Amino acid sequence: MTTNLSFKGLCTTLFVALFLPLFSLGQAIKPYDVALRHLEQNREELQLTLSDLQNHVISDQYSSKHNGVTHIYLKQTHQGIEVYNAILNINILPDMKVLNMGNRFVPNLSQRVNTTSPSITPAQAVEAAMRGLGLPDNDASLLVKEKVSNQHIIFDNAGFALEPIPVKLVYQPLENKDVRLAWNVKFYTLDAQNWWNVRIDAQTGQLLDKFNQVLHCEFGGAEHNCSEHQAKNIQHQAKTATRANTTTSAKTNSANTYNVFAMPIESPNHGPRSIVTDPADYNVSPFGWHDTDGVPGAEFTITRGNNVDAYHDIFDNNQSNGDQPDGGATLDFDFPLNLASNQPYTYIDAAVTNLFYWSNLMHDVWYNYGFDEAAGNFQVNNYGNGAIGGDHVRAEAMDGSGTNNANFGTDDDGSSARMQMYLWTSDPLPTGSGSDSLEVLTPQGAAGLYPMVTAGFGGPLSTTPLVGDLVEVDDATGTTTDACEAIVNGADIDGKIALIDRGACEFGFKALAAEDEGAIAVVICNNVTGPPTGMAPGAVGGSVTIPVVMISMADCAFIRTGIPGVS
């Protein structure tokens, strides 16, 4: 008799009929089938309805080569529209047992959504995103680059962003359990500091949620200090790299060398450079680090290849200037490095080479632990191993957009990532520390030592003190002391030390303007509270030959009280 079949049993029967194939004797069970059975068996615990489970798409499924575990990722949908970040992932062991599971599906989704039809257009969503993010208005018109569907438009990024701007209809879950129809907008700002992924309410244009796809690691403050994490991570990398390199296969490329701080030397503070010969793991990078076509022989003799394109970005152009280190036909990357000179732009090639080495090394290490093509790693050519290529890492050394920081921005598989590595400046020394402080001799009321930070460009400071009168610049426009416009008191600063306020223009621009008027050095006054910061050169700072330093806003205000005619 089956008349006493419970409602739960009916649902189970329907679920199996809808999702599980009827297996014949000897037919192999697939990981996806195991995953669906597991979901049904645990549906009540997951607090999901039958509709919640039925309405999904497989966003990814692959197996890790090193352990055979199959990773299955499901995205929740409603009426064919994906729910943002509603992902359910299940990991299946080779013996078809469930290893573990993570669940972000929205329970009872169909009862929570507000609508299926947007009231604002994709272009209006981009404009709303820019307003919500506080980005400057742009007079240019948005042009459609590609129309994937009525629910997925890609706009041209010219004049707006570093990458094309995709806009896609999604559902955004809210903290109050509501689920709102929204436009998902991805916007990579022109300064490469933020790759925003935002949801704009498709009815009202309100910014509902945002996420920055650029991960920043700042060393200047405790809140974002990741040095301890990095130290542990580098130690782990050193251990895993040693294990990975024991399986290196026969070489398919001629030997090449790099003069670098080789693994496990993590920085100049931990040991000297050394010559490393042919460090690629040929099980992972089968044609070496300078290949892209999958045929023996390097396509590039510069610091560019299948995994990484490394170059300096001292002018903050977010691209190579065509002057990358060149190892020649033998791929020998041995360039001079004199850290004691405090002139980082004299050893650009050495820095870029080091970045190229470490970036490739980490690619090879993590490949052996599952971060391969199927997992979405970074490669131009996937050498027939599936997934999407064309997404090497753009590694930018000595980036001109900041100091004491590093960041990494990445998007979906098939989109190149950008790594920005900045110049490191020492923390400001305490007052009274001596040679690395700014010393005011007269007038007596302002005399004393003031902590300063030396710019990452300009002329070096010598052991012999540079002495001169301090004169405030005047550009007669807006903030008249920021030297962002033409200096009008050039005769006054000729042969003197120019005092300039930090402002909207680049540090290198200010310093070069003062040098062109005859200044022998530049002191920048910070315009925010706290200690002075490092300074990047910008587009023209590489031409500055005089010393450039920064002092704090408070110290500058006090010093100004002693300058005649300045209050």
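I need the full set of residues from region 317-365 which are open to solvent by 70 Å² or more (accessible area, probe 1.4 Å) and in a helix (DSSP H, G or I), in order please. Listed by number, the residues that qualify are L339, A340, T346. Among the residues of region 447-462, what is the count of those that are at pLDDT 75 or above and not in a strand (DSSP E or B)? Residues flagged as at pLDDT 75 or above and not in a strand (DSSP E or B) within region 447-462 amount to 9.
G305 meets the stated requirement of being within 27 Å of the chain's Cα centre (by Cα) and open to solvent by less than 30 Å² (accessible area, probe 1.4 Å). Restricting the first member to region 55-79 and to residues that are of a type in the set (D, E, K, R), and the second to residues that are at pLDDT 90 or above and not in a loop (DSSP other than H, G, I, E, B), the beta-carbon pairs closer than 7 Å and six or more apart or on different chains are D60/Y73; K75/H56; K75/V57; K75/S59; K75/E82; K75/A86; K75/I87. Would you confirm, using the coordinates I've provided, whether A125 is farther than 26 Å from S51 by Cα, of a type in the set (A, V, I, L, M) and assigned to a loop (DSSP other than H, G, I, E, B)? No; evaluated as a whole, the condition is false for this residue. If you filter region 92-110 down to residues that are assigned to a strand (DSSP E or B) and over 28 Å from the mean Cα position of the chain (by Cα), you find that the one that is surrounded by the fewest Cβ atoms within 10 Å (Cβ to Cβ) is N100.
Please go through region 171-209 and pick out each residue that is hydrophobic (A, V, I, L, M, F, W, C), in contact with an Asp or Glu (Cβ under 6 Å, 6 or more places away or on another chain) and open to solvent by less than 10 Å² (accessible area, probe 1.4 Å). Once the filter is applied, which keeps residues that are hydrophobic (A, V, I, L, M, F, W, C), in contact with an Asp or Glu (Cβ under 6 Å, 6 or more places away or on another chain) and open to solvent by less than 10 Å² (accessible area, probe 1.4 Å), region 171-209 yields only A182. Could you check, for region 486-500, whether at least one of its residues is within 34 Å of the chain's Cα centre (by Cα) and at pLDDT 95 or above? Yes, region 486-500 contains a residue that is within 34 Å of the chain's Cα centre (by Cα) and at pLDDT 95 or above.
Of all positions in region 182-196, none carries a residue that is farther than 28 Å from A417 by Cβ and hydrophobic (A, V, I, L, M, F, W, C).
Restricting attention to region 31-45 and to residues that are in a helix (DSSP H, G or I) and loosely packed, with under 15 Cβ neighbours inside 10 Å, the residue that is nearest to the chain's Cα centre (by Cα) turns out to be E45.
Checking every residue in region 403-422 against the condition of being surrounded by fewer than 21 Cβ atoms within 10 Å (Cβ to Cβ), in contact with a Leu (Cβ under 9 Å, 6 or more places away or on another chain) and at pLDDT below 85 gives at least one match.
Taken over region 519-556, the criterion of being over 23 Å from P460 (Cα atoms) and either surrounded by 19 or more Cβ atoms within 10 Å (Cβ to Cβ) or without any contact (Cβ under 8 Å) to a residue 24 or more places away in the chain (or both) is satisfied by G530 alone.
Screening the candidates I265, I275 for the property of being open to solvent by 50 Å² or more (accessible area, probe 1.4 Å) and of a type outside the set (D, E) yields one hit, I275.
The values are calculated or read from the model by the stated rules, or taken from the named source; none is laboratory data. Just so it is clear, the model here is predicted, and its values are computed rather than measured. Because the Cβ atoms are built from the backbone with ideal geometry, glycine has one as well, and the counts that use them run over all protein chains shown. With ligands, DNA and RNA removed, areas are computed over all heavy atoms of the protein, side chains included. Shrake-Rupley method; radii C 1.70, N 1.55, O 1.52, S 1.80 Å.
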